[in-house]
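Written below as structure tokens is the structure these notes are about.
Just so it is clear, none of the values below were taken in a lab; they were calculated from the coordinates. Just so you know, these numbers come straight off a predicted model, no measurement behind them. As a convention, Cβ positions derive from the backbone with ideal geometry for all residues, glycine included, and neighbour counts pool all protein chains shown.
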Amino acid sequence: MLRGLLLMVLLGGGWALIGEPATWPEWLRGKVAAISAAMERSPGPPQPAVSAMATAARPPLAEPSSKPAAIEAPPAILQPPPQSPAPPATAALPPAAAGADDPAPAPLEPPSVDPTDIYQVRALAVGLHPGLSRVLLARLSPDDYRNAGVAIQKAVAETPDTGVLVWPRQRKPELALFHVRFVPGAAPDCRRYVVTVTKDGWLTTALPMEKCGPQARRQSQR
């Protein structure tokens, strides 16, 4: 068809050189009209340029990778920082024993006595602490004061530091009962004692007193 059309164009061109289309032969004009109608009815071939442009516009498909995907490493577990070793415990040293140069305990100061109070004067005379209750001192009979003096003298002269002297050993219900015991802290030539008095169902403990002298020193070292 194209060769025929080309031939007709060449012929038509040659004819055009000779005259106008109106002067073309009837058979030539019919052929040209038939060829034109056939070209309008048949679709033209696809445009290679447009197809190439559309192909280039599409992104290339990603090829499957033959390499295995990298395996993510598990998250690292935080470890506590290493602790420094605890310092070795040091046992507390015992206190140093008292040396020979340490000062000796001082004797007790003499208790204060009201010289106008007959009961305090009488108590101090037999070795009782004058600070005992005045009610108790007033209830003690002359026999009780005498027994208190005997109990204190016998305890200082005969009773060891860990012993307790009870006097009188045989007493009547109306008499007071005396317990004499020793407490630490006295000087080497003294003995420190505490007297507990039981009278009429009441029990009273006096403040510490001391007896010092050669007899007390000898007894304290037994």
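Taking Lys and Arg as +1 and Asp and Glu as -1, the other residues whose beta-carbon sits under 14 Å from that of residue 120 total 0. Beyond 24 Å, what share of the Cα-Cα pairs of region 118-220 is found? Please give it as a whole percent. Considering region 118-220, 18 percent of its Cα-Cα pairs are separated by more than 24 Å. A cut-off under 14 angstrom between Cβ atoms defines the neighbours of residue 202, and their net charge, with Lys, Arg +1 and Asp, Glu -1, is 0. For region 148-153, 3J(HN,Hα) computed residue by residue from phi via the Karplus equation (6.51, -1.76, 1.60; θ = phi - 60°) reads 5, x, 5, 4, 5, 5 Hz, glycine and proline entered as x.
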